[in-house]
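We did not get these values from a lab; they are worked out from the coordinates using the rules stated. The structure displayed is predicted, hence computed values, not measured ones. Glycine also receives a Cβ, built like all others from the backbone with ideal geometry; neighbour counts cover every protein chain displayed.
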Amino acid sequence: MITGFNTNVRHRNLLFHVQTEDSGRAHPHIISHVYSGGSIMASEKRDYSERVDEEDLDRQVRVLMEAQHKSMISRLEQGDFDGVIAERIPGFHPSNSQGLAQTSPVTETPIPEEFAEPVAPEPARPPPARDPATTRERPATADSARPFGEGIVSQKPLDEVILEYLLEKARPPRRG
């Protein structure tokens, strides 16, 4: 079982938390949620029960998790969930003056056909600035590429992740 991915995303001046988790072989599905203030704004659940007996299950699940997590972040940033968010958060107004089509809070992202192929690493690049108080550094090697999830994959318990999210949300937005 892979721990999961957690990412805070600022969208239309609000802070959202995107979380993707694997429920393991006993409950073979991956679930992603987009949270705002502790409320779920959107979810996606993918079953992988047909693959539980395969030898490279951990790698396959990680590829599926990465794709689903990236998709949820992208869809949030593109405004796909703005209709649902506007219904649930008073005062939230999508920037599109003509409104957005209503989206269902439970969705399905297609599985890439090449999911069984190893994910090609991104070219090495300098890491983004990090808060040393909340990030554990890994020693870099000359031939290592930055894997997906570095800096967002957390071994922290969920209550610590939520507390950090709430503290970040409580801070006033930076102006500049």
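Of note:
- For region 31-48, residues that are surrounded by fewer than 17 Cβ atoms within 10 Å (Cβ to Cβ), touching a residue at least 40 places away in the same chain (Cβ under 8 Å) and assigned to a strand (DSSP E or B) total 4.
- Which listed residue, of 75, 88, is in contact with a Phe, Trp or Tyr (Cβ under 9 Å, 6 or more places away or on another chain), in contact (Cβ under 8 Å) with a residue 24 or more places away in the chain and under 23 Å from residue 13 (Cβ atoms): 75
- Checking 57, 14 one by one, the residue that is of a type outside the set (D, E, K, R) and touching a strand residue (DSSP E or B) at 6+ places or on another chain (Cβ under 9 Å) is 14 and no other.
- All positions within region 49-86 that are more than 19 Å from residue 28 (Cβ to Cβ), aliphatic (A, V, I, L, M) and surrounded by fewer than 18 Cβ atoms within 10 Å (Cβ to Cβ): 86
- Scope region 1-30; condition assigned to a strand (DSSP E or B), surrounded by 18 or more Cβ atoms within 10 Å (Cβ to Cβ) and touching a Lys or Arg at 6+ places or on another chain (Cβ under 6 Å); matching residues: 15, 30
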